[in-house]
Amino acid sequence: MRKSRLQITAASAFASARSRLVSGMGREMTLCAFGLLVGLSCALPVSADQNLVVFDEIAARVEEQFYDPAMNGLDWENHVATYRAQIDPEMEAEAFARIVNDMLGHLDASHTGIYVRDSPEWYQLAGIFLPGYAALGADLAPYLIDGAPIYAGIGILIERRPEGTFVIGVLDGHPAAEAGVLVGDRIVSVDGAPFHPIRSFEGRVRQVSQMTVERRPGDLVSFAVTPVALDGRTMFQDAMHASARVFERDGTAIGYIRAWSYAGQSYQDILTSALLYGVLSETQALVFDLRGGWGGANSSYLNLFDADSLEMTSIGRDGEARSFPSAWDRPVVLLIDGGTRSGKEIFAHGFRTLGLGPIVGETSAGAVLAGRITALVDGTLLYVAVADTRIDNVRLEGQGVAPDYEVPFDLPFAAGRDPQLDHAIALAHDLAQEQVDAAP
């Protein structure tokens with residue numbers, strides 16, 4: 001592909017920047033990353049023109065890698081020039097990210113954006129990709145602690161709206177859940193200062209903080225919460241383990257488990273273990289929650305719900321035979337919403353196509369392009385959509401998967417209420433009763 005003038009200029013700029021910015025910063029970045037966890041303060045070395053260098057690197061890489069060489073009809077060179085004029089060399093990372101992501105948003109494509117180290121998403125996305133990409137680990141090494149993307153936090157997912165920052169997810173087994181944070185809470189302050197998802201807790205691992213939320217309009221609630229060191233590689237696995245529970249409805253045991261991420265076999269192993277041998281194995285129906293969080297999933301994961309699977313029998317030394325199914329053979333209800341994305345949408349599409357059960361909630365994100373992750377010169381993560389995708393010749397990008405039962409969810413001040421989950425549990429109960437009634 002012929003390099004444009006923009007690419008040539010950017011290539012020479014960020015090649016020069018790497019020798020200037022990276023060669024002398026590895027040790028300082030590692031020490032600062034550790035310091036932010038244990039309570040030290042440190043100033044990271046920043047080049048005066050770093051923002052422009054990184055911006056040019058982003059523009060060049062996107063032009064080179066984006067799946068549509070016509071850039072979805074954008075006059076890319078002029079588009080980039082317009083946004084480059086807005087970049088202030090002194091601006092903070094979050095302001096820089098807003099401008100760049102606004103620029104990339106005009107491509108109207110999923111899996112295309114940047115994530116800066118001042119956001120939880122950076123650590124979470126790094127944690128998802130690091131296990132399978134050694135080169136990424138090498139590029140990010142200066143910003144990791146013992147090879148891990150770790151930050152101080154309490155285990156919440158947030159959404160920033162004009163009226164404030166709202167909790168959209170509370171990870172089971174994490175400090176926020178233990179402290180009583182609820183979905184729908186508007187975060188007012190932490191230790192009397194405005195909330196920031198990274199800076200509010202940095203340096204305060206295992207130290208009590210006071211958090212104030214608005215649970216209902218005008219109803220302020222304050223409580224103590226103790227941040228922990230969150231590892232982006234394992235935090236969603238831990239939350240999935242902790243989410244498994246049983247709801248009793250009129251004598252029927254309904255199992256529930258939530259996959260905040262589905263990016264890898266480890267998540268499928270958690271689900272399989274819980275269903276076939278663990279806490280959910282004796283339940284009569286299942287609600288599998290794919291709302292929010294990150295994507296991932298392999299279409300082969302659907303085999304777990306194949307009713308025609310084989311039964312396994314184990315005969316031990318005592319001669320006693322123990323039988324285990326190799327798949328879940330009871331009713332299952334799938335929960336999705338506008339935060340269900342990427343591979344989770346492929347899973348939901350296959351779930352419907354195979355007739356495995358009803359889908360409850362809201363239409364999924366329609367974010368199903370194939371993306372590539374790259375670490376930039378300053379550690380910023382760049383996600384670029386590098387391929388279009390079809391599932392059974394259906395393009396889900398921009399369309400998503402619609403539920404069989406549409407159940408709206410009004411987030412602000414929900415005070416923990418979850419009408420989508422309530423509907424799914426009721427439906428799972430009815431399906432379980434139908435299966436019992438139909439049994440010979």
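The values are calculated or read from the model by the stated rules, or taken from the named source; none is laboratory data. Just so it is clear, the model here is predicted, and its values are computed rather than measured. Cβ coordinates were reconstructed from backbone atoms using ideal geometry, including for glycine residues, and neighbour counts include every protein chain displayed. Surface accessibility is based on the protein's heavy atoms, side chains included, excluding ligands, DNA and RNA. Shrake-Rupley method; radii C 1.70, N 1.55, O 1.52, S 1.80 Å.
Below are the figures for this structure:
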item: Accessible area per residue in Å² at 1.4 Å probe, computed on region 223-294; result: 33 Å²
item: Within the accessible area of region 234-303 (1.4 Å probe), percent carbon and sulfur; result: 44 percent
item: Part-to-part distance (alpha-carbon centres) for region 114-137 and region 266-281, which is given in Å; result: 27 Å
item: Distance in nm between pseudo-label sites at Ser189 and Asp146 (7 Å out along the Cβ direction from Cα); result: 3.6 nm
item: Å² of accessible area per residue within region 61-163, as computed with a 1.4 Å probe and no ligands counted; result: 46 Å²
item: Nonlocal amide H pairs with Ile87, under 5 Å, H built at 1.01 Å; result: none
item: Expected 222 nm ellipticity per residue - DSSP helices of 4 or more, -39500 (n - 2.57), all of the chain, to 500; result: -9500 deg cm²/dmol
item: Modelled FRET efficiency - R0 25 Å, Glu163 with Glu406, Cβ distances, 0.05 increments; result: 0.50
item: Residue-span extension gain [Gln265 to Ala70] - 0.36 nm each, minus C-alpha spacing; result: 66.6 nm
item: Accessible surface of region 98-181 [probe 1.4 Å, protein heavy atoms]: carbon and sulfur percent; result: 48 percent
item: Rounded to 5, the percent of DSSP beta bridges in region 338-440 classed as antiparallel; result: 80 percent
item: Alpha-carbon centroid distance for the pair region 217-253 / region 140-201, whole angstrom; result: 13 Å
item: Under-5 Å amide H pairs with Thr363, H placed in peptide plane, nonlocal only; result: none
item: Ranked packing of 414-427, 325-338, 135-148, most packed first, by mean Cβ within 10 Å; result: 325-338, 414-427, 135-148
item: Packing-based ranking, highest mean first, of 378-385, 242-249, 87-94 given that Cβ atoms within 10 Å are counted; result: 378-385, 242-249, 87-94
item: Distance (nanometres) between label positions extended 7 Å along Cα→Cβ at Glu434 and Gln86; result: 5.0 nm
item: For region 362-436, accessible area per residue (1.4 Å probe, heavy atoms of protein chains only), Å²; result: 43 Å²
item: Residue-span extension gain [Ala321 to Asp108] - 0.36 nm each, minus C-alpha spacing; result: 71.0 nm
item: DSSP-defined beta bridges in region 221-299 - what % are antiparallel, rounded to 5; result: 50 percent
item: Heavy-atom accessible surface of region 381-435: percent carbon and sulfur, 1.4 Å; result: 48 percent
item: Per-residue SASA entry for Val221, accessible area with 1.4 Å probe, Å² rounded to 10; result: 40 Å²
item: Beta bridges per DSSP with both ends in the chain, % antiparallel, nearest 5; result: 75 percent
